[in-house]
Structure formats: structure tokens, C-alpha cells
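Reading through the C-alpha cells given below for one structure.
The values are calculated or read from the model by the stated rules, or taken from the named source; none is laboratory data. These figures come from a predicted structure and were not determined experimentally. Virtual Cβ from ideal backbone geometry, glycine too; neighbours counted across all protein chains shown. Note: accessible area is taken over every heavy atom of the protein model, side chains too, but ligands, DNA and RNA are not part of it. Shrake-Rupley method; radii C 1.70, N 1.55, O 1.52, S 1.80 Å.
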Amino acid sequence: MSVQEAERIERYVPAAIEAKWADTWESTHLHETPNETPGKQNYYFLTMFPYPSGEVHVGHWYAFAAPDATARYLRMRGHNVLFPMGFDAFGLPAENAAIKRGVHPADFTEKTMANMRRQFRAMGAAIDWRREVVTCYPEYYRWNQWIFLKLLEKGLAYRAKAPVNWCPKDQTVLANEQVIAGRCERCETPVVKRELEQWFWRITKYADELLRFDGIEWPERVRVMQTNWIGRSEGAELAFPVEGHAGEEIRFFTTRPDTIYGATFMVLAPEHRLVGVVTTPDRKAEVDAYVEKARNAPEIERTAEGAEKTGVFTGAYARNVFTGERIPIWIADYVLVTYGSGAIMAVPAHDDRDFAFAKKYGLEIREVISRDGTEHDASEGVVRCHTGEGVMVNSGPYTGRRSEEGKGLVADESKRRGIGGPSVTYRLRDWLISRQRYWGTPIPVVYCEKCGMVPVPYEQLPVVLPRDTEFTGKGGNPLEKVEAFTDTTCPRCGGPARRETDTMDTFVDSSWYMYRYLDPKTQASFMDKTVGHQWLPVDQYTGGIEHAILHLLYMRFVCKALRDVGELWFDEPALRLQNQGMIVFGGKKMSKSRGNVQSPDAYVKKYGADALRMFMMFLGPWTQGADWDAAGIDGTSRFLHSVWRLALSKPVPGAVDHDLEREIHRAIHKVGADLEAYHFNTAVAALMKLENRLSNSSGPTRDAGVRTLILLLAPFAPFIAEELWARRGGAYSVHQQPWPSYDPALAKADEVVLVVQVDGKLRDRLTVPAGLSEADARAAALASERAKAAIGARKVTKVIVVPDRLVSIVTA
């Protein structure tokens, strides 16, 4: 392009076109999705909705820009794509932010949501805002309450005592996130535990089903995390009687019943019911002091690998029913009352934690599993713990058996004696949904002196969260002080009653929101089932890996629970899941407290939204995340300026360019395949390569290639693509045009790079014709001078060929 022509072309000013097209898309309802479009297949594409609880930063754009590009691409591929958005507006983050600023959470949340809507619009997000859901609005959380009542009827919701974190100074319950090193994050007062009646949802009923991932394509990492969190363990449940306490026994679960002859002491969790029953008077003071200290320590610290093992002897004994021996009962903080029965048989010779504990307190360590069946002299002592399988020794009638066989034999004998038997336990606990906080969904039950706990009738929903509260973050749950809320009438007998003041965990809100998007205004049910049959389950879900074991597990549970109460007809909420990485700054997560929040507004003002979108997708593999470095945005900005000049320049006369035609077809194939694989960075690289090639070409192929480039660019940079398409005479809108097709024969590469390895080490890269036969690839690799030098005088024993990719030479 000549200097004169470059000067003739109007300068690219992103701000001038982006606001214009945002208005046009809105006025023409471009992004609104009908529930049915003849000739198009419905595709439900969902990305996790945000918390409107703080500063909006570039990490939010990173999470949303790439899925937006994919949704746009799918529309161009002929799908009727539902791509909705909303706000996860209840919960602790918004409440804390409001307390800090001295404003009401509702006011803070509305202001933050307005700003985020503005930024989504600035981003060019192809969102159907008619379907927006906001979880703090009564028209939404009414259905949280409705689901609660359905689960209560099904026996999947119940009330029980559970410990909470309590700040004695602020007189309030704290979430786990608010406890830092055992202290209140606001006033640094040591936090203590208190027992409160709270509400649970019975997720454990679905433990085995949640371990199955049939029919869904979810990342292996998420599947492993959920599997580990559920923690299914097979073994045996047994009971040892407590001496001197008729009828009392210690029930426990073990995955190693084969080691029962090596159980030389018992350990109870400090919070276990029996601690207060069996402790002898002379041990009571020390035991009580230990219990108080342990119960206020975070579970993660108590069970941390490498943490010092501490405990106290209760003075009591149990009887090992297999050996007949009396064994001491201890308490120790590494045993949790929330896992299993809160008690263990301690086998120090074959469990690392028990071994460390026994060594510290001088307790007997008895070998009962030998690697090779050799019985070691007890007088020599056990110098190291063996946790693996082997041959049973010192094990009565089971001596000489393999430990694998012994597990079943001991479990069966326990069942025969009536003291236990084969059993399965889970690490997963029921979902505690109660929060002693203000900013959440009120739990729809009342308490009547005559009738007890009474559910609020469906026709009285929603139970509305009162606006007028004294909101300081101190002095307990502010709902308890609002008499207009707490004082009510029993729906059963008409007498006076008091409302439940606990609110629901915010993860309840996000466990089913994908169903509400289908028709957020319907008041007949939580979801319009007719519309649901057109869209559900979700085809593609995207979001952060950090939600693997809370949100993603809870949404699977609620889907199955709603299926079992007759409201859903499928087993899993989302067929496919893709996780993006995290954008950090200086290696740390962005947060206002660290002072490292990078706002997108400044970059949009300087470079335009399209440049920022493309930079986000060009940073690196989307699934891995990146450390924020704004220097690279200049590159994507220059690229868009080059596209602008190329698209608006005059046609250059010339002949048909068949080589360029092949490159165009390769680009179509590459960009489409990368979008479907979430390889956004390499898709952007392919666009840059095509633009560079077109800028150095001429003739009709060049002009056709520019048209194709604009179409390929549209999902990534929607504003500039729309502007250039219109200026070149294209029909509105570029985003309603079909995705370019390609000829596989033309898209096929002429040459490929063949990697040559010798004994697993890279030795050469050879450029060879694509489709080279295995024999020719083998010959080319063996003829490589670098490969021959690496082989030397050694004998080649094997040559492995991966067509068009790799030749691996193995030597003797």
C-alpha cells in the first residue's frame, strides 16, 4: 500500500465505532435468542455468572471474552445459541464490601451490577439481556425457597447441630474465609467454636451417583477433584466395648481391617460424644483443656501433613475383641468428628500418623503385616512404618494370609459376631446451607411453640428479606433484631410463631440458575418446562477450576435431587465443561487489598475493546491463565490497525493466486478448529498470519481473502469486523453471516515438520512433504546427519513413526 493511499484511508478510531455498533446491536435486538429457530439447532452455551462484589478487573474480561467469541462462532456455524448472563448477587463478598463502605448491601450490589452491565456492553458481549437473572431479587430467590421446601418434603433437607466460627468481640458468626490463622479477620480476636442448630441438604445420599460421570465430557482434573472430595472408602465398620461402661462401645470405620491385631490404642476426636462419658476424674482437667483448644483449631491445620501430633489419655480403656486385650483410649486433634464416626483404631506399625503419635507418647507398636511374611522379633521394635500390603503376622488364625484376603475375612468375622461388617464410608459431608448472615435467601420455615418447626406454605412464598435492618457486621445476625420479620403467625395453627433467621448459602443460588435463564419472568414454576425441553441440559459450561468441588458439585447434586422430586428429566446439568485459567499480576491473584487490580476501562479507552479482547485471547493457552503484562496489547492493536487499512484499501490488480487460496482455506480450517478446542491464542496467531499474507498480495484472490478475514475476525473483534463489513457493502450483520467453508484438499498442508528423536531426545527437525509414507519418513530420519551423529556406533533396534509428526529412533 502506498503512502498516499494510507493517508487517504480514514483513520481507525475504536471509540468512534464501538459505541455506535453497541447501540445498533441493542436497537436491532441482534443478540436476543428465540427459543426456536427453523432450520437451526439449539445450543445452550453458559459461562459462570459473576459476583457483583468488588472491583471489576481484566480477569473478568479474560473469563468472559473467550466464551463470547465461541458463542459468536457457533451462531455463525448455524446454531441457535443461548448465551445468557446474570449476577450471583447474594453472599458474603457483597455483604463484607457493603459493611466496609458503610452502605446497604442492596445499594452496593445494584451499583456494582450497573457498572458490570456497562462493561459487558463495552466488551461487545453477545448476551441476551432479556434473560438476565439476579439472585438477590425476590422473583429469583422465591424459587430457592421453593426448592428448599421440595427437598424438605423428600427428606433431603434437615436440621441438626453443627459447629460454627464465633467471634466473641463482634458477637457474630464468621465464615471459614473470615478466619485468618484462628482469628477474626476484622478485629483479630481469637475465634471459638459454638454449636448451633443449622440446616443441611442431604448430598451424601447421592455420593455414589456423583462419582459417576456417565455421558458428560468434563475435564479429568475436575473429575479427580470431585472424586477425591467425595472420598469413597471401602473397608469395615467395627465396635470395641468400653471397659467399665456397660452398653457403651466405640464404633469406627477402617479401610484396613486386616491390621486389627495391631490395634494397640484407640483415638477419639476431641468433640466425640464419648469423651465426656469415659474420661476418668483424674484425667478430666487435662482432657477438658485439650478439647477446648482442639475444637477452636481449623480442621485444615489439625489434619495438615507434617503437623505435630498431640493428644491426651482419657484414663479409660476399650477391649480389642479380636485380641482380647484392653487398649487405652486417647483423644487427638488429628481425628475429626466430622469424618467417619470420629473414632479410629490406631495401628501404629501400619499407619504413618498413628506411628508418629505412638512414638511420641511411648505406646506399643506391633507389627502385623510383613512384606515377606517374616515375623520380626518384638524386642527389636518397629523402626519404620509399613503402610502397604503383605502377609499377615501375629494375627491369630489369619497369620500367613495375604493382607488383601484378610480384609474380607476380618470384616466377615465381625459381621458374624454382630460387632460390625463390611462397610463403605465417604469423606463427603452433607451440605450445610445455613448462614447466620443477613445478605442471603431467608429459609422458609417458622417455629411455633405448639406445632414445632413448620414449613412456610408455597402460596406464601417468597419470604422477603427485609430492607430495614441495622447493618454493622457486629452483634450477630441483624435479622434477629427485626421484629417485623421474626414475629409471624404459624401457618398450621394460627398461633404466634418466629421465623427462621438463618439465610441460605450463596451456592444454593448458583446450583440451579441455568434453568431460570430460560424464562426468568415465569411465576408458575422455577422453570418453564416447555422451554426447558428445548434447551436442557446445558451443552457447554465454562468457568474457573476453583469451583470444582463446591459450585460444580452442588449443581450436579441439585440437578439429581430435582430429578428425583419429578421436576427434571436428565441426570447432569451440563454435558461439557471447560475451565479457564486465572489472570494474576506479579504472580498473585488480583484484589483491591493487594493493590494489583488492573481495570479494563483504561485499556478500552486507549486501545478499544476489540484490541483488549484479542490480547486476552492471545496471552497464551486460555485453560492455563497468565501473568498480566500489558505490553503485548500494542501488538494486537497494531494488528487491528493493519486489518483496517487492508480492508479499506483499493483492490490491487493481479492474477489468481493459488498459493494464497490454499493459505486462506488453511486459515478457515485452523481458526475454526482452534475455536472449538479453546485454543484461542493459536487462532489469533493464524489470523495475524493470514493478514500479513494478504497485505503482500494482489488480484481477486486477495479481495476474496480480505472478505474471509473479516468473517474469521468477527467472533474475536466484533466491533471492527461489523464496521469493515458494512463499509465493504456487506449485508447487516456480519455476525449473522455463515462461517466460511473450506475445501479439505486445499486446506491440507503441503509440507510438515517431522521431529526426529534418538532415545527420547530431540535431535533434528525435518521439513518433508505432507503425507510422507512411513518407509520414507523412516529413511529421511535415519539419513539425518544430526541423528546419525547421535546414534554413533550403537545399533538401531526400533524406529517408531507417527505420520506427519514424529520419528523416534531407539538404539541398543
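So is Thr636 open to solvent by less than 10 Å² (accessible area, probe 1.4 Å) and polar (S, T, N, Q) or not?
Yes.
May I ask you to list the residues in the range 460-487 that are over 17 Å from Ala98 (Cα atoms) and crowded, with 18+ Cβ neighbours inside 10 Å?
Leu461, Pro462, Val463, Val482, Phe485
Can you go through Ala745, Ala673 and tell me which one is more than 40 Å from the chain's Cα centre (by Cα) and more than 25 Å from Asp23 (Cα to Cα)?
Ala745
Ala246 versus (1) outside any helix (DSSP H, G or I); (2) open to solvent by 50 Å² or more (accessible area, probe 1.4 Å); (3) closer than 24 Å to Leu428 by Cα: which is the lone unmet condition?
The failed condition is (3).
Would the range 653-661 turn up any residue that is open to solvent by less than 10 Å² (accessible area, probe 1.4 Å) and touching a residue at least 12 places away in the same chain (Cβ under 8 Å)?
Yes - at least one qualifying residue is present in the range 653-661.
Considering the range 562-595 alone, what residues qualify as being out of contact with any Gly (no Cβ under 6 Å at 6 or more places or on another chain), in a loop (DSSP other than H, G, I, E, B), open to solvent by less than 60 Å² (accessible area, probe 1.4 Å) and not aliphatic (A, V, I, L, M)?
Gly566, Glu567, Phe570, Glu572, Pro573, Gly587, Ser591
Only residues that are in contact with a helix residue (DSSP H, G or I) (Cβ under 6 Å, 6 or more places away or on another chain), open to solvent by 20 Å² or more (accessible area, probe 1.4 Å) and not in a strand (DSSP E or B): list them for the range 180-208, please.
The one that is in contact with a helix residue (DSSP H, G or I) (Cβ under 6 Å, 6 or more places away or on another chain), open to solvent by 20 Å² or more (accessible area, probe 1.4 Å) and not in a strand (DSSP E or B): Glu185.
Select, from Phe90, Phe49, the only residue that is closer than 30 Å to Gly595 by Cβ, open to solvent by 10 Å² or more (accessible area, probe 1.4 Å) and within 22 Å of the chain's Cα centre (by Cα). Quick ask: steps written out before the conclusion?
Working: Phe90 fails: open to solvent by 10 Å² or more (accessible area, probe 1.4 Å).
Sole residue among the options that is closer than 30 Å to Gly595 by Cβ, open to solvent by 10 Å² or more (accessible area, probe 1.4 Å) and within 22 Å of the chain's Cα centre (by Cα): Phe49.
Sort out which residues of the range 790-812 are touching a Lys or Arg at 6+ places or on another chain (Cβ under 8 Å) and over 11 Å from Val756 (Cβ atoms), and write them in order of number.
Val810, Thr811, Ala812
Evaluate the range 135-147: report whether one residue or more is touching a helix residue (DSSP H, G or I) at 6+ places or on another chain (Cβ under 6 Å), within 30 Å of Arg563 (Cβ to Cβ), β-branched (Val, Ile, Thr) and open to solvent by less than 60 Å² (accessible area, probe 1.4 Å).
yes
List every residue pair whose Cβ atoms sit under 6 Å apart, with the two residues 6 or more apart in sequence or on different chains, where the first one lies in the range 96-113 and is open to solvent by less than 20 Å² (accessible area, probe 1.4 Å) and the second, anywhere, is hydroxyl-bearing (Ser, Thr, Tyr) and not in a helix (DSSP H, G or I).
Listed pairs, sorted by first residue: Ala97/Ser53.
Within the range 353-388, can you find the residues that are acidic (Asp, Glu), surrounded by 12 or more Cβ atoms within 10 Å (Cβ to Cβ) and out of contact with any strand residue (DSSP E or B) (no Cβ under 7 Å at 6 or more places or on another chain)?
Glu364, Glu367, Glu375
Sort out which residues of the range 524-577 are in contact (Cβ under 8 Å) with a residue 60 or more places away in the chain and aromatic (Phe, Trp, Tyr), and write them in order of number.
Phe526, Trp535, Tyr541, Tyr554, Phe557
State whether one or more residues within the range 601-609 are surrounded by fewer than 17 Cβ atoms within 10 Å (Cβ to Cβ), closer than 30 Å to Asp528 by Cα and small (Gly, Ala, Ser).
So far as the range 601-609 goes, no, none of its residues is surrounded by fewer than 17 Cβ atoms within 10 Å (Cβ to Cβ), closer than 30 Å to Asp528 by Cα and small (Gly, Ala, Ser).
Which of the strands (runs of 3 or more DSSP E) contained wholly in the range 259-373 include at least 3 residues that are under 40 Å from the mean Cα position of the chain (by Cα)?
265-268, 326-332, 343-346
Yes or no, residue by residue, for (1) touching a Cys at 6+ places or on another chain (Cβ under 7 Å); (2) within 30 Å of His29 (Cα to Cα); (3) open to solvent by 50 Å² or more (accessible area, probe 1.4 Å):
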site: Gln737; (1), (2), (3): no, yes, no
site: Asp743; (1), (2), (3): no, no, yes
site: Val758; (1), (2), (3): no, no, no
site: Leu766; (1), (2), (3): no, no, no
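Which residues, taken from the range 782-805, are within 14 Å of Val768 (Cβ to Cβ) and either free of Cβ contacts under 8 Å to residues at least 40 places away in the same chain or surrounded by 15 or more Cβ atoms within 10 Å (Cβ to Cβ) (or both)?
Once the filter is applied, which keeps residues that are within 14 Å of Val768 (Cβ to Cβ) and either free of Cβ contacts under 8 Å to residues at least 40 places away in the same chain or surrounded by 15 or more Cβ atoms within 10 Å (Cβ to Cβ) (or both), the range 782-805 yields Leu782, Ala783, Ser784, Ala787, Val801, Val802, Pro803, Asp804.
Which of the residues belonging to the range 38-77 are outside any helix (DSSP H, G or I) and of a type in the set (Ser, Thr, Tyr)?
Within the range 38-77, Tyr43, Tyr44, Thr47, Tyr51, Ser53 qualify.
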